[in-house]
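The values are calculated or read from the model by the stated rules, or taken from the named source; none is laboratory data. This one's a predicted model, so the numbers in the text were calculated from it and none came from an experiment. Here Cβ is always computed from backbone atoms with ideal geometry, including for glycine, and neighbour counts include all displayed protein chains. What goes into the accessible areas is simple: the full protein's heavy atoms, side chains included, and nothing from ligands, DNA or RNA. Shrake-Rupley method; radii C 1.70, N 1.55, O 1.52, S 1.80 Å.
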Amino acid sequence: MQLDPQVQIIVDEINSVEVESLWDRPIADVRADFDNLVLGLQDAGPEVGRVENRDIPGPHGPIPIRIYWPEGNDPGTPLPVYINYHGSGYVVLSIDTHDNVCRALCQGAGCIVIGVSYCKAPEHKFPKPTDEAWASLQWVAASAAEIGADPARVAVGGDSAGGCLAAVVAQRAKREGGPPLVFQLLVYPVTDTREDRPSYKTFGDGYLLTAETMAWFFDCYFNDDSEKSDLAAAPLRADDLSGLPPALVMTASHDPLHDDGVAYAEKLKAAGVPTDYRDYEGHIHGFWTATGRMDIAAEAQATACAALRNAFGTA
């Protein structure tokens with residue numbers, strides 16, 4: 001299978017630049033490079049009705065969030081809400097690098113979107129980011145009336161490591177009896193900590209996200225290897241996925257994490273969870289935000305908006 005021509009150009013650009021090993025570089029420099037790469041591939045998202053930055057209480061200190069309200073909504077009518085956990089490898093990127101996605105989902109799905117700036121490794125190791133993801137869901141449920149949200153129509157989602165956090169939050173909500181969720185959006189999610197699946201070997205080098213980068217992310221994130229089997233790190237290892245909210249799972253064919261997403265989608269389906277699985281052939285990890293260079297980004301976002309509207313009953 002060949003890469004999409006738009007993707008091939010980007011891959012060639014990235015592979016033409018030699019970089020030092022991540023283990024040898026200051027974390028601030030690595031983060032700046034990831035920010036520049038991701039922002040350089042995207043266009044700004046659409047205008048929305050209102051955007052507000054605020055801090056909410058968290059188990060490890062305040063959690064910065066960004067709230068988006070769509071244009072044209074009636075302030076007296078509660079809106080559905082989608083909570084977004086941005087991709088990060090648990091180490092890099094931010095709500096700023098995923099602002100365009102949040103805007104697109106807010107306006108396209110006609111819902112409130114909340115981008116969560118959860119804490120990052122190596123300063124904040126496992127399980128702190130998962131704690132903050134869970135705290136953000138609890139805050140939304142408790143503060144729904146204040147922000148104009150309908151607590152009976154809440155969805156979670158994210159890409160890459162953010163997809164893992166969304167899956168973990170959905171599983172925990174099921175185990176603990178709420179807050180109730182109506183949908184989960186998982187974009188090339190990290191669902192396991194195994195690094196020996198076929199896609200790691202086939203697409204682990206030369207396709208933007210590499211197997212070495214994933215190893216570095218895990219090295220930054222975990223205190224020791226014993227944590228890698230925890231369900232908060234590897235939601236694929238849960239024995240029973242029945243009763244979880246309906247899901248849309250997206251993967252990219254040329255991505256080390258491809259098989260993680262496939263395995264989770266198949267396990268959701270086997271457990272009776274309504275699951276829409278989309279594999280974007282010829283594409284790579286990172287397409288979700290790359291609206292400036294990859295046509296597939298807008299297509300995938302439109303698919304997600306339609307799925308959210310269906311889940312919220314506003315299709």
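Considering only residues in the range 117-141 that are surrounded by 23 or more Cβ atoms within 10 Å (Cβ to Cβ) and of a type in the set (S, T, Y), the one that is farthest from L93 (Cα to Cα) turns out to be S136.
To keep it simple, each residue is scored yes or no on (1) surrounded by fewer than 21 Cβ atoms within 10 Å (Cβ to Cβ); (2) in contact with a strand residue (DSSP E or B) (Cβ under 8 Å, 6 or more places away or on another chain); (3) of a type in the set (S, T, N, Q).
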site: D279; (1), (2), (3): yes, yes, no
site: I284; (1), (2), (3): no, yes, no
site: M294; (1), (2), (3): no, yes, no
site: A297; (1), (2), (3): no, no, no
site: Q301; (1), (2), (3): no, no, yes
site: R309; (1), (2), (3): yes, no, no
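If you filter the range 212-252 down to residues that are open to solvent by less than 10 Å² (accessible area, probe 1.4 Å) and small (G, A, S), you find that the one that is farthest from H283 (Cα to Cα) is A238.
Open to solvent by 80 Å² or more (accessible area, probe 1.4 Å) and either of a type in the set (D, E, K, R) or within 25 Å of Q138 (Cβ to Cβ) (or both), is that true of D96? When the stated conditions are applied, D96 passes them.
Just wondering, is there one or more residues in the range 118-133 that are modelled with pLDDT of 95 or more, small (G, A, S), over 13 Å from I83 (Cα atoms) and over 17 Å from the mean Cα position of the chain (by Cα)? No: the range 118-133 contains no residue that is modelled with pLDDT of 95 or more, small (G, A, S), over 13 Å from I83 (Cα atoms) and over 17 Å from the mean Cα position of the chain (by Cα).
The sole residue among V11, V30 that is farther than 14 Å from T213 by Cβ and of a type in the set (V, I, T) is V11. Can we say Y277 is farther than 21 Å from V38 by Cα, in contact (Cβ under 8 Å) with a residue 60 or more places away in the chain and of a type in the set (S, T, Y)? The answer is no for Y277. Applying a threshold of 8 Å to beta carbon distances and a minimum spacing of six or more residues, or different chains, the list of pairs starting in the range 117-139 at a residue that is part of a loop (DSSP other than H, G, I, E, B) and ending at one that is buried (at least 22 other Cβ atoms within 10 Å of the Cβ) and among the charged types (D, E, K, R) reads Y118/E132; C119/E132.
Just to be sure, is A173 in contact with a helix residue (DSSP H, G or I) (Cβ under 6 Å, 6 or more places away or on another chain) and either closer than 29 Å to N223 by Cβ or part of a helix (DSSP H, G or I) (or both)? So A173 does not fit the description; no. Kindly check whether there is at least one residue in the range 104-116 that is surrounded by fewer than 24 Cβ atoms within 10 Å (Cβ to Cβ), under 16 Å from the mean Cα position of the chain (by Cα) and not aliphatic (A, V, I, L, M). Checking the range 104-116: not a single residue is surrounded by fewer than 24 Cβ atoms within 10 Å (Cβ to Cβ), under 16 Å from the mean Cα position of the chain (by Cα) and not aliphatic (A, V, I, L, M). For the range 95-124, the set of residues classified as of a type in the set (S, T, Y) and touching a His at 6+ places or on another chain (Cβ under 7 Å) consists of T97 only.
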